[in-house]
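Enquirer: This is the structure, below, for whatever I ask next.
The values are calculated or read from the model by the stated rules, or taken from the named source; none is laboratory data. Keep in mind that what you see is a predicted model, and the values were worked out from it rather than measured. In this analysis, Cβ positions are derived from the backbone assuming ideal geometry, glycine residues included, and neighbour counts consider all displayed protein chains. What goes into the accessible areas is simple: the full protein's heavy atoms, side chains included, and nothing from ligands, DNA or RNA. Shrake-Rupley method; radii C 1.70, N 1.55, O 1.52, S 1.80 Å.
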Amino acid sequence: MPKIAVLTSGGDSPGMNAAVTSVARNAAYYGLELIGIKRGYNGLLGLQDGAEDDIFTMNLDTVLDLADLPGTYLRTARCEQFHDPKVREEAARNLKKLDVVGLVVIGGDGSFRGAQSLCQLGIPCIGIPGTIDNDLPYTEMTLGYDTAVNCDVEAVRAIRATSRSHDRPAVVEVMGRNCGDIALSTAEATGSEIVLVPEMPWSVEEVAVRLKKLVDSGNTRATIVVAEGAYASMKPFDAYSYLSPFGKQVFQGQSMNANLLASTLKHMTHAEARATVIGYTQRGCQPTARDCTFAFEAGNMAVVLLKNGIGNQVIGTRNNRTFHTSIDTALCETRNFKESLYNLINSL
Ligand code: F6P
């Protein structure tokens with residue numbers, strides 16, 4: 001029986017288990033044996049404790065129970081060593097020793113770069129874009145993004161309810177690394193009045209002016225959705241000279257974060273702003289139907305490609321259709337940030 005393998009890599013994302021299940025069902029259907037590799041590329045290299053159990057034949061019965069679970073049953077990891085060409089050669093050798101004819105890599109751009117190298121070393125790889133960040137420009141949506149946005153929308157709605165009760169503005173920090181898509185969609189869907197993203201420069205003073213205007217006009221629960229990466233695009237701001245009743249040291253060396261932003265805005269506007277960091281609930285949520293349907297189709301396409309001897313491809317979705325393109329093309333695409341939506345949210 002020809003063998004294929006699957007691994008999940010990078011930050012986990014809701015829908016990874018559904019994608020593995022789909023790969024397993026399709027492998028069984030096409031008469032392929034499926035090898036599961038735990039803890040991403042680390043498992044392939046035997047880098048983790050208990051490594052002897054990290055490469056195993058996946059049993060369809062076990063896999064079928066995973067489909068709608070959050071997290072990743074295969075575990076995941078980031079593998080720094082994979083930047084070293086010698087380590088990548090070792091990984092390719094290990095796959096060849098296992099007689100694996102193809103590998104499905106479910107992860108983000110770093111994981112795809114690993115897969116690209118393995119393809120160059122003779123291992124056909126197919127990438128499924130598993131990351132909540134939506135930072136892979138070749139696809140309209142990455143696996144887990146829809147779930148993360150829905151999780152944030154639910155949280156922001158709840159925060160806006162209590163904020164309304166107390167007439168308090170809210171600062172809500174969401175994930176996304178260097179990509180503001182989660183923040184943008186969350187702000188759009190919840191009617192939040194301010195959104196801050198890594199792609200656009202912003203200043204605390206401008207935010208304070210807009211917040212004050214909103215509060216003064218009766219919008220006392222105005223919400224600022226801030227992407228975790230947006231502090232990097234903040235224009236220089238001397239928090240201490242505005243804020244500190246205690247002396248210089250108080251904010252020295254402290255970089256901007258959701259709490260500091262809320263307290264700074266409170267000092268500048270006299271509105272009782274409060275901060276919430278949503279955090280890992282965004283990654284550990286039950287996947288939405290949209291993510292699960294993408295996972296189902298991506299798993300099918302990945303196995304069909306490998307079965308036909310085609311590698312060096314990644315799977316994406318565009319205009320509601322699942323498609324594949326070469327890893328090289330996908331990794332060259334540049335992002336097109338929705339600047340007009342950003343401006344609209346921040347001005348209505
Ligand atoms: O890439 C997914 C992601 O969840 C990002 O949104 C976030 O910046 C990062 O991973 C956090 O990684 P870790 O959990 O390893 O700190």
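Enquirer: Only one residue in LEU74, LEU95 is in a loop (DSSP other than H, G, I, E, B), crowded, with 17+ Cβ neighbours inside 10 Å, more than 14 Å from the chain's Cα centre (by Cα) and not charged (D, E, K, R), so which one is that?
Expert: Every option except LEU74 fails the conditions.
Enquirer: Hey, another quick one. Going by what's in this entry, would GLY10 be described as small (Gly, Ala, Ser), modelled with pLDDT under 95 and either away from the ligand (no atom under 16 Å from the Cβ) or surrounded by 15 or more Cβ atoms within 10 Å (Cβ to Cβ) (or both)? First the steps, then the outcome.
Expert: Numbers: small (Gly, Ala, Ser): yes; modelled with pLDDT under 95: no; either away from the ligand (no atom under 16 Å from the Cβ) or surrounded by 15 or more Cβ atoms within 10 Å (Cβ to Cβ) (or both): yes.
Answer is no for this residue.
Enquirer: Do any residues in the range 56-79 that are within 20 Å of PHE112 (Cα to Cα) have Cβ atoms under 6 Å from those of residues that are charged (D, E, K, R), where the two are at least six apart or on different chains, and which pairs are they?
Expert: GLY71/ASP12; THR72/ASP12; LEU74/LYS38; ARG75/LYS38; ARG75/ARG39; THR76/ASP12; ALA77/ARG39
Enquirer: Tell me whether the range 322-331 contains one or more residues that are assigned to a strand (DSSP E or B), at pLDDT 95 or above and loosely packed, with under 13 Cβ neighbours inside 10 Å.
Expert: no
Enquirer: Pick from ILE35, ILE106: which is modelled with pLDDT of 95 or more, more than 16 Å from the ligand (Cβ to nearest atom) and within 28 Å of THR293 (Cα to Cα)?
Expert: ILE35
Enquirer: So which residues in the range 272-286 are over 18 Å from VAL195 (Cβ atoms) and crowded, with 18+ Cβ neighbours inside 10 Å? So that I can check it myself, show each step before the final result.
Expert: First, pick out the residues of the range 272-286 that are over 18 Å from VAL195 (Cβ atoms): 272, 279-281, 283-286.
ARG283, CYS285 - these are the residues of the range 272-286 that are over 18 Å from VAL195 (Cβ atoms) and crowded, with 18+ Cβ neighbours inside 10 Å.
Enquirer: For the range 305-321, which residues satisfy the criterion of being touching a helix residue (DSSP H, G or I) at 6+ places or on another chain (Cβ under 8 Å) and open to solvent by 40 Å² or more (accessible area, probe 1.4 Å)?
Expert: Passing the criteria: only ASN312.
Enquirer: Of the conditions (1) in a helix (DSSP H, G or I); (2) over 30 Å from SER165 (Cα atoms), THR264 fails just one. Which one is it?
Expert: Here THR264 meets the rest and fails (2).
Enquirer: Here is a follow-up. Before we move on, is GLY299 outside any helix (DSSP H, G or I) and either closer than 28 Å to CYS332 by Cβ or open to solvent by less than 80 Å² (accessible area, probe 1.4 Å) (or both)?
Expert: no
Enquirer: Of the residues SER340, SER347, only one is open to solvent by 20 Å² or more (accessible area, probe 1.4 Å) and either in a loop (DSSP other than H, G, I, E, B) or in contact with a strand residue (DSSP E or B) (Cβ under 8 Å, 6 or more places away or on another chain) (or both); which?
Expert: On the way: SER340 fails: either in a loop (DSSP other than H, G, I, E, B) or in contact with a strand residue (DSSP E or B) (Cβ under 8 Å, 6 or more places away or on another chain) (or both).
One residue alone meets the criteria, SER347.
Enquirer: Limited to the range 209-242, what total is found for residues that are open to solvent by less than 10 Å² (accessible area, probe 1.4 Å) and over 21 Å from the mean Cα position of the chain (by Cα)?
Expert: Count: 3.
Enquirer: While we're on this one: In this structure, does PRO129 turn out to be within 15 Å of the ligand (Cβ to nearest atom), in contact with a strand residue (DSSP E or B) (Cβ under 7 Å, 6 or more places away or on another chain) and not assigned by TED's automatic domain parsing to the domain that holds GLY229?
Expert: Considered against the rule, which asks whether it is within 15 Å of the ligand (Cβ to nearest atom), in contact with a strand residue (DSSP E or B) (Cβ under 7 Å, 6 or more places away or on another chain) and not assigned by TED's automatic domain parsing to the domain that holds GLY229, PRO129 comes out as yes.
Enquirer: Which residues, taken from the range 173-189, are in a helix (DSSP H, G or I), open to solvent by 20 Å² or more (accessible area, probe 1.4 Å) and more than 14 Å from THR131 (Cβ to Cβ)?
Expert: Within the range 173-189, SER185, GLU188, ALA189 meet the criteria.
Enquirer: If we scan the range 107-123, do we find a residue that is in a strand (DSSP E or B) and under 30 Å from GLY180 (Cα atoms)?
Expert: Checking the range 107-123: at least one residue is in a strand (DSSP E or B) and under 30 Å from GLY180 (Cα atoms).
Enquirer: Let me ask something additional. Looking only at the range 217-233, decide whether some residue is modelled with pLDDT under 95, among the hydrophobic types (A, V, I, L, M, F, W, C) and assigned to a helix (DSSP H, G or I).
Expert: yes
Enquirer: Just for the range 134-154: of the residues that are outside any helix (DSSP H, G or I) and open to solvent by 20 Å² or more (accessible area, probe 1.4 Å), which one is farthest from the ligand (Cβ to nearest atom)?
Expert: GLU140
Enquirer: Could you tell me how many of the residues in the range 27-69 are open to solvent by less than 30 Å² (accessible area, probe 1.4 Å) and either in contact with a strand residue (DSSP E or B) (Cβ under 9 Å, 6 or more places away or on another chain) or outside the structural domain of ASP109 (by TED's automatic domain parsing) (or both)?
Expert: 13
Enquirer: Please verify whether the range 48-61 includes one or more residues that are outside any loop (DSSP other than H, G, I, E, B) and within 17 Å of the chain's Cα centre (by Cα).
Expert: no
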